[in-house]
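*Asks:* I have a structure here, written as structure tokens, and I will follow up with some questions on it.
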Amino acid sequence: MGTIYILWLRQLKKYFRSRSRIIGSLGQPILFFVALGFGIGPIYQKAGGGSYIQFLAPGIIMMTVLFTAIFSGIEVIFDRQFGFLKETLVAPVPRYQIMLGRTLGGATVAALQGLIVFALTLIIGFRPQDWALLPMAATFVILVAVFFTALGTAIASVLEDMQGFQLIMNFLVMPLFLLSGALFPLQGLPKIMEIAARIDPLSYGIDGLRGTLIDHASFGVATDFLVLSILTAILLGIGSYLFERIQV
């Protein structure tokens, strides 16, 4: 457990030392929120959907968590290329503890980014329907952060160069985000879109966050929590297995 704590703490220290990283990662969510929230908002409201800012905010929060979490896997490749990973792996501790420490550290950073974006949405005009459900909302953010950090680490464990990682991420991250219902309601979709949304893990995170923040859940909050919990546990197991087999 000491190894997990040390690696978790290391990730946090790197995050708080890099102010440019914190500020730079906020550009995309702010752009999405302002451009879409105020651009499509009037159209969404005229169509009877209510406030689009209220609907959009959970999706943008989870978008931030997704990008921050999954790209934390790049650090595995970076550490491998510069020899830092080898120094870590020779330590007399099980490799799965190293993987868990890195994953929990990356997930904490992603969750903190989500918290910052949540604060920004409050400034722009978003208001949760029930503040008492914020701890449950935080649970969904943490589950999504852990899931996608573990996914990024698992993928990075079988790759050896950053170009390959970025290529896979570009073909994976944007479809995950765009098909998750972050930008549009999941009701009344064409059948193929509905199927894609149901097999997208991010859909359950966004749906759960919407259910807790604005009481608008398509699948049901209990279903969202159960599916995400199971998928996160499975991916942590897969990620640990792949990290055990990593070659340096």
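*Asks:* Ranked from highest to lowest mean number of other Cβ atoms within 10 Å per residue, what is the order of the peptides 139-148, 121-130, 201-210?
*Replies:* 201-210, 139-148, 121-130
*Asks:* What nm distance separates the two modelled labels at Trp131 and Leu178, each placed 7 Å from Cα along Cα→Cβ?
*Replies:* Each label point lies 7 Å from its Cα, and together they span 3.9 nm.
*Asks:* Based on the Cβ-Cβ distance from Ala233 to Glu194, what FRET efficiency comes out when R0 is 22 Å, to the nearest 0.05?
*Replies:* Working: r = 26 Å, r/R0 = 1.17.
After rounding, the FRET efficiency stands at 0.30.
Every number here is computed from the coordinates shown, using simple stated rules; none is lab data. What you see is a predicted model, and the numbers here were worked out from it, not measured in a lab. Neighbour counts are summed over all protein chains in view; Cβ atoms, including those assigned to glycine, are modelled from backbone coordinates with ideal geometry.
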